[in-house]
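The values are calculated or read from the model by the stated rules, or taken from the named source; none is laboratory data. Quick caveat, the model's predicted, so the values are computed rather than measured. Backbone-built Cβ (ideal geometry, glycine too); neighbour counts: all protein chains shown. Side chains are part of the model used for accessible areas, which takes the heavy atoms of the whole protein and leaves out ligands, DNA and RNA. Shrake-Rupley method; radii C 1.70, N 1.55, O 1.52, S 1.80 Å.
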Amino acid sequence: MNSDHDQHTATPTPDTPTPTPNAPTSQHPAPLQGLRVLDLATLFAGPLAATMLGDFGADVIKVEHPRKPDPSRGHGPSKDGVGLWWKLLGRNKRNITLDLSTPGGREILLKLVADADVLIENFRPGTLEKWNLGWEELNAANPRLVLTRVTAFGQFGPYSRRPGFGTLAEAMSGFAALTGEPDGPPTLPPFGLADSIAALSTSYAVMAALQGRERTGRGQVVDMAIIEPMLTVLGPQPIWYDQLGYVQPRTGNRSTNNAPRNTYRTSDDKWVAVSTSAQSIAERVMRLVGRPELIDEPWFETGSGRAGHADELDAAVGSWIARHSRDDVLAAFEKAEAAIAPVFDIRDVMEDEQYQALGSITEVPDPELGTVRMQNVLFRLSETPGAIKWAGRPHGADTDEILTGLGLSSSEITTLREAGAL
């Protein structure tokens, strides 16, 4: 396993630069080194976007309420009273506690804003304004600030002030309507899919806004509605409906665009997933399973034509796979250069040789839990790699250090703490 300072490593092709496996050095600084991000958000899109920025060198300061920590600290399983989800979500962040509704907390935030590049928040629209911390006040404190606002429905419109989470985006975007068996109910994912997609989109939006700042010299507001990235990744649904009145149905594991495409059970009671998006792959699969005559059918020439005969193709592929063990099926498909993958759970992921080659799971020393394993940084850069410097830290662990860095004395910090601002 890689150390906490290792980035993903991979065997490069001859013309590909070798990704730097170690943490940034003075010769190879992290690409976002020097960028300061204030993370005021909770659950989960905003904080995850800040994590992604921190993974590539941004100095991320996590701001939490002194008496109401980020709920992710208590989400999911914990060990010895330590929330494990937070270890991932809070990595590479320094933590400070501030009650923004108090005069002292507001004053400290404005001091932090004065030296920040990005502020990420996900309060219901109007909340920052209620505390006199809206765009007008933040922009006055730092005209180059990028204020990033992540909410379920955006900053305006009839739903903007409703409470909302990623689940609602998964429902409203059309994702749930597409997911599940044809005769079953719409199905929601068992993890934060919409939040994760919104986090990726938010980190992209932040970088676009910062590049815009390089051109204009001014900061700006990013308005990220979680319902929109989810809608975007569903592909051509709007244009299909606009031009054809076509509404894609629920098809379970099948695709309306190609076949065979499904999960299949092997003889040793394991599962594999097969995809035939390319015509050449579809032909290889049919030859492999002993049904080459289907290739000559007129409908086999297109993905949509094959999808219209999914029952026949599934029967051909499924019956062949059912007679072989998973290892034999995978070996046969690999030899035939046909696309297949085993259906993994997390136990398989942790042991898989491809993930190990990429360094996708890495070890991070942690003072509370010893060594923890988690996902590595999201991608590899050959010259300016990212790194995990530490896992999520205790609530408010860096408060005094951060405030001292702002020039506050120990007595001033004590006064703020006694007033409930910290």
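Which FRET efficiency, nearest 0.05, do Asn253 and Glu412 yield, Cβ-Cβ r, R0 56 Å? So the FRET efficiency works out to roughly 0.40. Over the C-alpha atoms of segment 338-422, the Rg to Rh ratio, Rh being the Kirkwood estimate, stands at 1.21.
Between the alpha-carbon centres of segment 310-364 and segment 369-401 there is a gap of 31 Å. Per residue, the average separation of C-alpha pairs within less than 8 Å and at least 6 apart gives the chain a relative contact order of 24 percent. Distances between placed amide hydrogens fall under 5 Å for Met374 paired with Thr362, Val364, all partners being 5 or more residues away or on another chain. Taking chymotrypsin sites (Phe, Trp or Tyr not before Pro) across segment 251-344, none is in a DSSP loop with at most 11 further Cβ atoms lying within 10 angstrom of its Cβ. Share of carbon and sulfur in the accessible area of the chain stands at 53%, probe radius 1.4 Å. Across segment 286-303, computed HN-Hα scalar couplings (Karplus, 6.51 cos²θ - 1.76 cosθ + 1.60, θ = phi - 60°) run 5, 5, 4, 8, x, 10, x, 5, 5, 5, 7, 5, x, 6, 6, 6, 10, x Hz from first to last residue, x flagging Gly and Pro.
Short-range pairs are left out: with C-alpha atoms under 8 Å and at least six residues apart, the relative contact order of segment 140-233 is 46 percent. Would you list, by chain and number, the aspartates and glutamates whose Cα falls below 12 Å from the Cα of Lys79, excluding same-chain residues fewer than 8 positions away? Partners found: Glu368.
Charged neighbours of Glu214, selected by a Cβ distance under 12 Å, balance to +3 (K, R count +1; D, E count -1). Gain on full extension, evaluated as 0.36 nm per residue between Ala140 and Glu368 minus their Cα-Cα distance, stands at 78.1 nm. Between Thr216 and His28, the simple label model (points 7 Å from Cα in the Cβ direction) yields a spacing of 3.6 nm. If R0 is 45 Å, the Cβ-Cβ spacing of Ala322 and Tyr159 corresponds to a FRET efficiency of close to 0.40. Residues in the chain average 50 Å² of solvent-accessible surface per residue, probe 1.4 Å, ligands and nucleic acids excluded. Take each peptide in 77-83, 196-202, count the other Cβ atoms within 10 Å of every residue, and average; sorted highest first, the result is 196-202, 77-83. For segment 114-253, the Cα-based Rg and Dmax, in that order, read 17.8, 56 Å. Expressed in units of 2.2 N^0.38 Å, where N is the residue count, the Cα radius of gyration of the chain is 1.15. Within the assembled protein chains, the solvent-accessible surface assigned to Trp390 is about 70 Å², based on a 1.4 Å probe. Taking each DSSP H run with n ≥ 4 as -39500 (n - 2.57) and averaging over every residue of the chain yields -10500 deg cm²/dmol at 222 nm. Taking the DSSP bridge list for the chain and keeping only pairs wholly inside it, about 40 percent are antiparallel. Can you tell me the 0 to 90 degree angle between the C-alpha axis of helix 193-216 and the longest principal axis of the chain, rounded to 10? Tilt of helix 193-216: around 60 degrees.
So if a site counts as exposed when it's one of the GluC sites (Glu not before Pro), its DSSP state isn't H, G, I, E or B, and it has at most 13 other Cβ atoms within 10 Å, what's the longest stretch of the chain without one? Here the longest segment lacking exposed loop sites spans 1-336. Taking Lys and Arg as +1 and Asp and Glu as -1, the other residues whose beta-carbon sits under 12 Å from that of Leu32 total -2. Which residues among segment 93-126 fall inside the zone where the amide N is under 16 Å from a point 7 Å beyond the Cα of Asp400, along Cα→Cβ? The answer is 95-97, whose backbone nitrogens lie closer than 16 Å to the label point.
Summing charges over all other residues whose Cβ lies under 13 Å from the Cβ of Pro189, with Lys and Arg as +1 and Asp and Glu as -1, gives -2. Taking the chain as the reference, fit the longest principal axis to its C-alpha atoms, fit the long axis of helix 326-335 to the helix C-alpha atoms, and give the angle between the two in degrees, 0 to 90, nearest 10. Helix 326-335 sits roughly 80 degrees off the main axis of the chain. Placing a label point 7 Å from the Cα of Val82 along the Cα-to-Cβ direction, the residues of segment 359-379 with a backbone N closer than 17 Å are 362-375. Here segment 156-227 yields Rg over Rh of 1.12, to two decimals, using C-alpha coordinates and the Kirkwood radius.
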